[in-house]
Structure formats: C-alpha cells, structure tokens
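The values are calculated or read from the model by the stated rules, or taken from the named source; none is laboratory data. Please read these numbers as outputs of a predicted model, since none were measured by experiment. Because the Cβ atoms are built from the backbone with ideal geometry, glycine has one as well, and the counts that use them run over all protein chains shown.
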Amino acid sequence: MAEEVLVIGAWHSPYSRRVEMALKLKGIDYKYIEEDLTNKSPSLLKYNPVHKKIPVLVHNGKPVAESLVILEYIDETWKNHPILPKDPYERANARFWAKFIDEKCLPAILKACWGEDQKEREKAAEELSKLLQFLENELKGKRYFGGETIGLLDIAANMIGYWLGVLEEASGASELLTREKFPKLFNWANEFVCVSAIKESLPPRDKHVAFMRKRFGMVNASK
Amino acid sequence: MAGEVVLLNFWPSTFGLRVRIALAEKGIKYEYKEEDLSNKSPLLLEMNPIIKQIPVLIHNGKPVCESLLIVQYIDEVWNDKSPLLPSDPCQRAQARFWADFVDKKVYVASRKVWRPKREEQEEGKKEFLETLKTMEGELGDKPYFGGETFGYVDVSFIPFYSWFHAYKVLDNINIEAECPKIDAWAKRCLQKETVAKNFPDKKKVYEFVAQTRKKYVSA
C-alpha cells in the first residue's frame, strides 16, 4: 500500500517543526498543509477534535496529535535513524527533559520576553537562566543531547536551540543563551541548527521575527 | 531486570498511585517510603533535584521521575508480563495522547474546583465535568480504556477516582450521576486486586482534601 503521510502544521510553531524535523531526519516523504489558526479548517477539527491544535500527523488516514506523542510514533513506525535510545533508563531521561522544556522552559521564555512589566520579565529571565543551567549540565561532554547524533531531546529542544533567539529578538529581550554563561548549550545550539534535517525545517528568520513582533509587540524596546 | 526498587511517595497522591498500580500489575516487590512534603527528605531532593516532587522510582540506585514516565519505564523494563501499553504504534500513540489529556486537562481542571471564590468554583466544576465527559466519550462501551484489558490509560486515570468521594461531599459534584460510564469503569477497575489493594481509603482522602482545602481558601 502506498504510504500517505500528512502534516498539518503552522510555519512558525516549534511544535509543528519538531514533527517535520523528525520526518526529514528519517527521510520520510510527507505532504504539508499549512493551517490558518485564526480560521481552523474542517480537516483540523476532524483530525484533532479534542484539542483542535496543530501539529497533527495523519498516517494512512489515522491522526496522531501532540508533538512529543507524534515524535514517539514516528520513531516506532520508521525504525531507521532512531531518535530514542534503546536503554529504558536513557529513554526515561530523554522524555523527562523534553517534558521539562515544554512545561518549565517555554512559560519562562514567554514571560522573559513578554511578561506584563519589567520586574516580571527580569524574574522570569532569572528563572530561565536556572533552567538553562540544568540543560547545560545535562549535555555533559556530548555533542548532542542524543549523543553523537541528534535524538528526540535535541528535536524537543528546538525551543532552546532556535526559537529562544527569535523570541528574544522579536521582543527586544536580552540574549540569555550566551557562550559565556552556557558554553556547552551555546555550542550545541550552533551545531543543532546546522544539521540538514533541522536547517531545512527552520522558519525563515526575518519573517519569523517580524511575525512574532507583530503578534506580541516589542515590549523591551525602551532599553 | 529485578534488583532493588524503591518508591518515594505521598499517600494521597494520584500520581504516586499510578506507579503503585503499575508495580502491582507487574508483580514487582519494592520498598515504599512515605514522604512528608512539608519537610522533604534528603533522599527525595537528591533523587529529584529538578522538580523536587514525588513520585520517584529508584531502580538499582538510579531515579526515574514523573509518574507517566515511571509507568512507561516500568512497562519497558518488566516487559515479560501484563503489558500496559499496546504493541501497535498507532494504538500506543492514542494511549499516550489520552494519558497526556488526563494530565493537561482533567488534572488541571480538578485544581480549579478549589477556587475560593464561588463563581470561579462553579466555572471550575463545569470545566472539570466537561473533561470527565470527554474521557467518557473516549471510553465508549469498552470495558477499559485499553479495550478488553486494563492498560496505560486506565492506570493513568483510575487514581483520580480516589478523590471523587471528596469532590462529592465538599463540592457537590456527583460524578456517578453525571458520568455513569466513568463510574462503572472505575468500579470495574476496583475489582482488580492490583488496584483495590493500593487504593487509599476514601474517608482518609476526604479528610486530607478538606484539610488542605482550608489552607487555600483562607490564604
């Protein structure tokens, strides 16, 4: 049976791009449908009636939603270029940090960039620094979080490796991920965006910055 | 595969209960350590320095944190009996999706029921019931979320039933009436020894919830 892989996503969404990164890494051909989130399509509502959100992967007509769930599905379905380690303890570890990025880092990033007032933004930036330190320590001596090749955690960390910089630029917030403060993480981010499957999946930077600036404003411009 | 297994837990925790049930399903012997969350032990802080929360599973000295990740870990290590996740990738994805829904929607909504202001509480109750009705829709006419057998989503969700009695008495939320299929499913799960033996006493949970609620309301 000819395989049909469809990704319903949004060009600026890190979650959506995670799915594309994994598919590209594994060399899977897919059709991409851009979703207008201000006017959700019948397809999206049909394939993700519970959350009505992107990304959704539709494989041979069957939908899978939630980016980290999709990444695991992709890894289990297409066994080349595995993105999760074989050892259960290492797998639990990768999943833990991916969850950490989504549940702890992202809210801190958004508050550091677009918190209500300067005090809130500074507090969030301090918090984010602590969180980045945990990730810095987790990298240890490795090239990528996944070891010699990128894995699920590297893909989940696209939030840190690329989106953080874009959001800081869009909002005018100070750059947090510097070589001085987080040398390993800084290096990792530079290597990460050079991996071809990742590079091909990044939104065009200028367009992305302009879009985020328009959406949320440049609240730190007074600096 | 065997080796030393330790669980750090707090007895009313719905998240800890997921792990207890998973361990029981696999017939794993373990050492149970009760944590006082107002005075966290050095062991807990050493084993979960990032989140500093229970449950933590310590297997041969190495910690695994976050209840759903622990349940998946248990399923992967002790893979010789009672599989919790299905083997088909599509069904596994569905199971992960629904367990994630329990965390992101059901649990979050259940916290909103605690709001001190009346109108916020009413809104919280409504939202909570909606999430339960969504779960009820997903269950359909199946005996378990896992289909014919008790599985990952059942393990993820059944602990919340331990708090339903408290919600009924304190908040007048009658889940038996509003979501009869969920109620029937829960009672079916409680017929399993692995669930029943680990379930906390509903009166004790009620007392705990009532006491903790006072702190939030008076704050």
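Structure data summary
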| read-out | value |
| --- | --- |
| Filtered residues of the range B:150-173 (kept if of a type in the set (D, E, K, R) and either closer than 24 Å to B:E76 by Cα or buried (at least 24 other Cβ atoms within 10 Å of the Cβ) (or both)) | B:D154 |
| Number of the exception - B:G147 against (1) closer than 23 Å to B:Q72 by Cα; (2) small (G, A, S); (3) crowded, with 18+ Cβ neighbours inside 10 Å | (3) |
| Count - residues of the range B:31-71 that are of a type outside the set (G, A, S), within 14 Å of chain A (Cβ to nearest Cβ) and without any contact (Cβ under 8 Å) to a residue 60 or more places away in the chain | 20 |
| Scan of the range B:64-107 for residues that are of a type in the set (S, T, Y), touching a Ser or Thr at 6+ places or on another chain (Cβ under 9 Å), at negative phi and surrounded by fewer than 22 Cβ atoms within 10 Å (Cβ to Cβ), ordered by number | B:Y107 |
| Index of the failed condition, A:R91 passing every other in (1) within 13 Å of chain B (Cβ to nearest Cβ); (2) in contact with a Pro (Cβ under 9 Å, 6 or more places away or on another chain); (3) on the phi > 0 side of the Ramachandran plot | (3) |
| Unmet requirement for A:N80, which otherwise passes all of (1) closer than 24 Å to A:I150 by Cβ; (2) crowded, with 17+ Cβ neighbours inside 10 Å; (3) away from chain B (no Cβ under 14 Å) | (2) |
| Top-ranked residue of the range B:180-219 - restricted to ones that are within 15 Å of B:L17 (Cα to Cα) and acidic (D, E), ranked as surrounded by the fewest Cβ atoms within 10 Å (Cβ to Cβ) | B:E193 |
| Scan of the range A:6-51 for residues that are in contact with an Asp or Glu (Cβ under 7 Å, 6 or more places away or on another chain), buried (at least 17 other Cβ atoms within 10 Å of the Cβ) and farther than 19 Å from A:G161 by Cβ, ordered by number | A:V7, A:I8, A:L44 |
| B:E130, sole failed condition from (1) farther than 22 Å from A:K52 by Cα; (2) assigned to a helix (DSSP H, G or I); (3) more than 9 Å from chain A (Cβ to nearest Cβ) | (1) |
| Output for the range B:89-114, where each listed residue is facing chain A (nearest Cβ under 9 Å) and of a type outside the set (A, V, I, L, M, F, W, C) | B:P89, B:R92, B:Q94, B:R96, B:D100, B:K104, B:K105 |
| Count of the range B:75-88 residues which are among the hydrophobic types (A, V, I, L, M, F, W, C) and at the interface with chain A (Cβ under 9 Å from one of its Cβ atoms) | 1 |
| Some residue of the range A:166-175 being modelled with pLDDT under 95, among the hydroxyl-bearing types (S, T, Y) and in contact with a Gly (Cβ under 8 Å, 6 or more places away or on another chain) | yes |
| Any chance A:H59 is surrounded by 15 or more Cβ atoms within 10 Å (Cβ to Cβ), free of Cβ contacts under 8 Å to residues at least 40 places away in the same chain and either within 12 Å of chain B (Cβ to nearest Cβ) or in contact with a His (Cβ under 6 Å, 6 or more places away or on another chain) (or both) | no |
| Any hit, the range B:159-171, residues being under 14 Å from the mean Cα position of the chain (by Cα), closer than 20 Å to B:L17 by Cβ and without any contact (Cβ under 8 Å) to a residue 40 or more places away in the chain | yes |
| Matching helices (runs of 4 or more DSSP H) fully within the range A:112-223 where at least 2 residues are of a type in the set (F, W, Y), more than 15 Å from the chain's Cα centre (by Cα) and exposed (fewer than 13 other Cβ atoms within 10 Å of the Cβ) | none |
| Enumeration of residues in the range B:108-125 that are surrounded by 14 or more Cβ atoms within 10 Å (Cβ to Cβ), assigned to a helix (DSSP H, G or I) and over 15 Å from the mean Cα position of the chain (by Cα) | B:K112, B:Q121, B:E123, B:G124, B:K125 |
| Verdict on A:A65 being within 14 Å of chain B (Cβ to nearest Cβ), touching a Pro at 6+ places or on another chain (Cβ under 9 Å) and either surrounded by 20 or more Cβ atoms within 10 Å (Cβ to Cβ) or of a type in the set (K, R) (or both) | yes |
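Residue-wise test of (1) in contact with a Ser or Thr (Cβ under 8 Å, 6 or more places away or on another chain); (2) of a type outside the set (G, A, S); (3) in contact (Cβ under 8 Å) with a residue 40 or more places away in the chain; (4) assigned to a helix (DSSP H, G or I).
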site	(1), (2), (3), (4)
B:E176	no, yes, no, yes
B:I182	no, yes, yes, yes
B:A186	no, no, no, yes
B:V195	no, yes, yes, yes
B:P200	yes, yes, yes, no
B:V205	yes, yes, yes, yes
B:V209	no, yes, yes, yes
B:T212	no, yes, no, yes
B:K215	no, yes, no, yes
